[in-house]
Amino acid sequence: MEKDLDFKIIGLAKALKQNTLEVPPNQREYSWVADAQVKELLLDINKSLRKPDKPYFLGTIVLTTGKGGKLEIADGQQRLATTTMILAAIRDWFRAKGDTDTYKSIETDFLFSFDRVQRETISKLTLNVDDNEYFKSKILNPQKNSPQTEIRRSHRLIAEAYQYIKSYIENIERNGGETNTRIILNDWITYLEEKANVVMLIVANAENAFMMFETLNDRGLKTSQVDLVKNYIFNVATDRLYEAQRLWSSMKGAVESVSDDDDIMIDFLRAACCLTSGLTTKKEIMKRIQDSVQSKTQALQTMTLFEELSKEYATILNPDHPRWNDYNKDVRSAITAINLFGVTQIRPLMLAVANKFNKQNTATAYKKIVSWSVRFMIMGIRGGRLDEGYAKLAHKIYIGEIRIENDLKREAEKIVVGDAEFQSAFENAKVGVSKIARYYLRSLETTLHQEGNPEFVPNESNVINLEHIMPESINVQWAHLKQQDIDTHLKRIGNLALMQAQKNSDIGNASFEEKKKIYSTSSFLLTSQLNSVDVWDTKSIEQRQKTLAELAVKTWSL
């Protein structure tokens, strides 16, 4: 392939007709469910046939150029395999009707090709090492005496998908008769070839494909990114493949045990690469691994390390993990707070601390990480500064340049927001997520009560609601406000208060004078203090928020 990237818009069946495609040996197995994705595809095609002039778009298929110029499927296996099953089921229907010319035409065009060099008939689509023999004997070239033993879940899914497609065709015949079915099935083939379109991207190598997935950010592509990494490591492992597979399975199980988020494996791989190689973006994961894994020994070393780190990664996402039983309780509290924030950029640093620090330094470091995270959130800092700063700290811990919490604090001063800057930002901060707003106010309340560890998530034995003092809409009681006041100040922290659920439901959109009576009875000091305010307007909100900002510096201290 001369270019790093080539693409075309093409029908799914035509993609099979014009190419010989392979699923890399260690890619994931067939996973579509008959009465879900397969059913949806059939219904969509049938519905789209009623508008034959309008194309049906089926997303993106990504192919890489493998050894000998072979096209390998990086993403799109499920759609291509299911389309192949549809074509095979149509072929079988015509064969059963004795229409030799049509069924042979389908086979020649879409299912098989003849390799003149090898002098053998080969499949247009080859699945992975676990599925291909079953796929060939069950779908492509079924023989009455072939065992077709279903030894894997993917085999059962293939069989169920194929049977569902055949039943769908049988139902067409029952309702419309043989002649009409013949017309419909030929229309299906034409539609799959000409109108059921995908964007087919052909990239030079796995690294380019990995970066393409990150850029596309399409549904299901995160899993394909992980598959590319896995396939590369497995290929390099050669005769030690079994060991690499065992370590990968253990690693994947540990990470996915704490989250079903599609991004969790990519987030872990990025965190691990940040530790070992320094700043690594998601787009750079594949390159980092390719650079460090050049031999089967390196493949096993990398997988052994990643498997170890995966277990620690699972602990930093789970405050109840037994690993923390012997640690200061502050560790669990800090992890709970950080998980509440949902800040993934911090995870490489948390992982490095868990991997290298002793128990005492881990507790102190995690407590500081909570404060740093809040300061960045209030400042609205995302992306580059966080990614780079936290990744550098993580790498320095991993290679031994930072050994204790004091060293970490000193290095962190280069990136963490200082008191003056934080206080100024807090004075103007808005919060759109209720659980985060409640956390801020509960933590500030804890500081006001002079209780310890205000930055941790307080226990909420009662249901606590978030009250907007200035209401979301103007009514008679709030006639002194303008819509602009609502737009600019509704979600300001100074306009928020904590209320027990029942009191909050009772208060509604009452006037400020009426609300004050209920506020005065609150056990929350920040809420009861509102009783001393005469009028609630934008100036009152700004003044209260300045007071809260002073508390914030003490609450999330450096």
* To do: Please work out if Arg79 is in the same structural domain as Tyr162 (by TED's automatic domain parsing), modelled with pLDDT of 90 or more, in contact with a Gly (Cβ under 9 Å, 6 or more places away or on another chain) and among the basic types (Lys, Arg).
  => yes
* What are the residues in region 22-34 that are surrounded by fewer than 21 Cβ atoms within 10 Å (Cβ to Cβ), touching a helix residue (DSSP H, G or I) at 6+ places or on another chain (Cβ under 7 Å) and not small (Gly, Ala, Ser), if any? -> Asn26, Arg28, Glu29, Val33
* If only one of Ala13, Ala88 is modelled with pLDDT of 90 or more, touching a strand residue (DSSP E or B) at 6+ places or on another chain (Cβ under 8 Å), on the phi < 0 side of the Ramachandran plot and buried (at least 22 other Cβ atoms within 10 Å of the Cβ), which one is it? -> Ala13
* Single match in Lys311, Lys356 (criterion: of a type outside the set (A, V, I, L, M, F, W, C), under 24 Å from the mean Cα position of the chain (by Cα) and buried (at least 16 other Cβ atoms within 10 Å of the Cβ)) -> Lys311
* To do: Enumerate the pairs (first residue in region 279-292 and more than 14 Å from Asp267 (Cα to Cα); second residue anywhere and β-branched (Val, Ile, Thr) and crowded, with 20+ Cβ neighbours inside 10 Å) with beta-carbon separation below 8 Å, excluding pairs fewer than 6 apart on the same chain, so at least 6 apart or on different chains.
  => Arg288/Thr280; Ile289/Val229; Ile289/Ile233; Ile289/Thr302; Ser292/Thr302
* Structure fact -> For helices (runs of 4 or more DSSP H) lying entirely in region 350-414, having 2 or more residues that are at pLDDT 90 or above and acidic (Asp, Glu) picks out 405-412
* Cross-chain or 6+ apart pairs with Cβ under 6 Å, region 384-400 first and over 18 Å from Lys368 (Cβ atoms), then at pLDDT below 95 and assigned to a helix (DSSP H, G or I) -> Asp387/Gln345
* To do: Would you be able to say whether some residue in region 35-48 is among the basic types (Lys, Arg) and assigned to a loop (DSSP other than H, G, I, E, B)?
  => no
* Can you confirm whether region 290-306 contains a residue that is touching a Phe, Trp or Tyr at 6+ places or on another chain (Cβ under 8 Å) and at pLDDT below 90? => yes
* Could you list all residues from region 428-457 that are acidic (Asp, Glu) and surrounded by fewer than 18 Cβ atoms within 10 Å (Cβ to Cβ)? => Glu451
* Asked: Quick check: anything in region 5-20 of a type in the set (S, T, N, Q) and part of a loop (DSSP other than H, G, I, E, B)?
  -> yes
* In this structure, is Ala497 crowded, with 21+ Cβ neighbours inside 10 Å, modelled with pLDDT of 90 or more, in contact with a Leu (Cβ under 8 Å, 6 or more places away or on another chain) and of a type in the set (Gly, Ala, Ser)? -> yes
* To do: Determine whether region 427-442 contains at least one residue that is at pLDDT 95 or above, part of a helix (DSSP H, G or I) and among the charged types (D, E, K, R).
  => no
* Structure fact -> Output for Cβ contacts, cut-off 8 Å, separation at least six or different chains, first residue aromatic (Phe, Trp, Tyr) in region 342-364, second in a helix (DSSP H, G or I) and crowded, with 23+ Cβ neighbours inside 10 Å, reads Phe357/Ala365; Phe357/Ile397
* Which residues, counting only those in region 539-558, are in contact (Cβ under 8 Å) with a residue 60 or more places away in the chain and either in a helix (DSSP H, G or I) or touching a strand residue (DSSP E or B) at 6+ places or on another chain (Cβ under 9 Å) (or both)? -> Ile541, Glu542, Gln545, Lys546, Leu548, Ala549, Glu550, Leu551, Ala552, Val553, Lys554, Thr555
* Can Gln345 be described as part of a helix (DSSP H, G or I), surrounded by fewer than 22 Cβ atoms within 10 Å (Cβ to Cβ) and not β-branched (Val, Ile, Thr)? -> no
* Structure fact -> Checked region 6-36 for anything closer than 22 Å to Asn235 by Cβ and of a type in the set (D, E, K, R); matches are Glu22, Arg28, Glu29
* Would you be able to tell me the number of residues in region 373-382 that are out of contact with any Leu (no Cβ under 9 Å at 6 or more places or on another chain) and either of a type in the set (A, V, I, L, M, F, W, C) or farther than 18 Å from Met350 by Cβ (or both)? => 6
* Look through Ile404, Ile381 and report the one residue that is under 30 Å from Leu275 (Cβ atoms), more than 25 Å from the chain's Cα centre (by Cα) and in the same structural domain as Ala271 (by TED's automatic domain parsing). => Ile404
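The values are calculated or read from the model by the stated rules, or taken from the named source; none is laboratory data. These figures come from a predicted structure and were not determined experimentally. For neighbour counting, all protein chains shown are included, and Cβ atoms are generated from backbone atoms with ideal geometry for every residue, glycine included.
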